[in-house]
1. Taking the stretch 2-42 as the search range and keeping residues that are under 21 Å from the mean Cα position of the chain (by Cα) and basic (K, R), which one is modelled with the lowest pLDDT?
Amino acid sequence: MRKPIGAIILLVWLIAYIAVAAVVGDRIAYEHWAWKLIYFPLAGLAWVLPLKPLLKWMHAKDAPLEKPDV
């Protein structure tokens with residue numbers, strides 16, 4: 001059940017991140033070239049960092065179920 005939940009969270013995160021990054025990128029489109037040089041590589045890579053814990057959680061193994069002795 002982790003993978004479907006994680007996939008939905010991942011899609012929501014990416015859509016929100018792309019929307020915010022596009023708005024900010026549009027606002028700095030006419031700024032000095034140095035701001036663009038800093039912003040666009042950072043925006044292109046920064047989306048990965050918050051996903052590392054999510055991906056780790058999605059691919060974690062569940063603890064083995066204990067079977068009662070009968």
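1. Ranking the qualifying residues of the stretch 2-42, first place goes to R2.
Residues are listed down the side, and each one gets a yes or a no for (1) on the phi > 0 side of the Ramachandran plot; (2) surrounded by 10 or more Cβ atoms within 10 Å (Cβ to Cβ); (3) of a type in the set (S, T, Y); (4) touching a Cys at 6+ places or on another chain (Cβ under 7 Å):
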site	(1), (2), (3), (4)
R27	no, yes, no, no
K36	no, yes, no, no
Y39	no, yes, yes, no
G44	no, yes, no, no
W57	no, yes, no, no
D62	no, no, no, no
K67	no, no, no, no
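The values are calculated or read from the model by the stated rules, or taken from the named source; none is laboratory data. It should be emphasised that the depicted structure is a prediction, and the values quoted were computed from it without experimental measurement. Virtual Cβ from ideal backbone geometry, glycine too; neighbours counted across all protein chains shown.
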